[in-house]
Structures are given as C-alpha cells and as structure tokens.
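A quick write-up on the structure given underneath.
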Amino acid sequence: MRIAIDAMGGDYAPGEIIAGALEAREVLNRDDELVLIGDEEIIKSHLEKLRAKPDSFRIFHAPEVIGMDESPVEALRRKPKSSIAIMARAASHRQVDAVLSAGNTGACVAGCQLRMRNLENVLRPGIAVVLPTVAGPVTMCD
C-alpha cells in the first residue's frame, strides 16, 4: 500500500509528523510505501536531523501550506500547490492508495471530494480517529 502523509499539516508540523512517519515505517509491511508531501527541502532537513535513511520515503514537493484557520474551499483555490491539494491529486491519479493529514480537516475533505470519486452508496467521507483505551487503541470513524 502507498500511503500519502501531509507532512506540513498538524501541530508541530513537519517535525512531529515526520517523526511519526518514521515510527510507522517500523510496523508497516516491507512493501508498504510512505510518501511525504510538503516542502521538499524542509522535509529533507528534518529527515537528516532524525538520521533517517535518505531513501526511507518518497517525497512529493508541495511549496504551499493551508493553515488551520483558512477557509477550506477558498484555500484550495488559492493554493493549488499546497500539500493537501497535491495529496488529493496524487490519490486521484492513483499514485497513492491512502491519504493522511492532521492539518485542516475541511480542506482535506474538500480536496479529496473534488479529486476522488465516492464509493458506491457512500454519500459523505468518513473521518477516522484513534483513541487510547485500557485494552489498546481503538479506531472510530464518523
């Protein structure tokens, strides 16, 4: 599976997002591929700081970032080279199989709905969140 990760979205991005991707790399199957999407120079700098192998990830360059306070649709129109827009485009072109973002949820949903087709009989996207429990993590989808 090829999983795209919006490296520029979320709290303490891109450092924490990239660190999390490195941890995820350890538990994924060998043939799974993580694709970091964001400013290539910044991503490479963080990978270097974390002493990651240069070929641990593919990187799709996205020089723009949609902020958490921006209007989703307006931001997608103004920032076609944002990490969220490029991630949705990569999914629509079947360059990746799944997308993840801790950034602007509205922009991620709007970008994916604009670029990708809905599954049959599915009218709205689901938003998943992982919650810790005493029995281990549980994923909920709304």
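The values are calculated or read from the model by the stated rules, or taken from the named source; none is laboratory data. Every value quoted in this text rests on a predicted model; they were computed, and no experiment measured them. Methodologically, a virtual Cβ is constructed for each residue, glycine included, from the backbone with ideal geometry; neighbour enumeration extends over all protein chains shown. Surface accessibility is based on the protein's heavy atoms, side chains included, excluding ligands, DNA and RNA. Shrake-Rupley method; radii C 1.70, N 1.55, O 1.52, S 1.80 Å.
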(request) Could you tell me what percent of the accessible area of the chain is made up of carbon and sulfur, with a 1.4 Å probe and every protein chain present? (result) 52
(message) Give the residue list of GluC sites (Glu not before Pro) in the stretch 46-126 that are DSSP loop and have at most 16 other beta-carbon atoms within 10 angstrom.
(response) GLU120
(request) For the chain, set up a Gaussian network in which alpha carbons nearer than 10 Å are linked by springs, and say which option among LEU22, LEU114, LEU123 fluctuates the most. (result) LEU123
(message) Could you check the spin-label model distance between ALA135 and ILE3? Points 7 Å from the Cα along Cα→Cβ, value in nm.
(response) 2.3
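So which trypsin sites (Lys or Arg not before Pro) in the stretch 1-101 are both in a DSSP loop and have at most 15 other Cβ atoms within 10 Å of their Cβ?
Working: sites: ARG2, ARG25, ARG30, LYS44, LYS49, ARG51, ARG58, ARG77, ARG78, LYS81, ARG89, ARG94; in loops: ARG30, ARG51, LYS81, ARG94.
Answer by residue number: ARG30, ARG51, LYS81, ARG94.
With a probe of 1.4 Å, find how much accessible area the stretch 1-96 has per residue, and write the answer as a whole number in Å².
59
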(message) Ignoring everything except DSSP H segments at least 4 long, calculate the 222 nm mean residue ellipticity for the chain; use -39,500 (n - 2.57) per segment, divide by total residues, nearest 500.
(response) -10500 deg cm²/dmol
(request) Give me the lysines in straight-line cross-link reach of LYS79: C-alpha distance below 25 Å, same-chain residues under 8 apart excluded. (result) LYS44
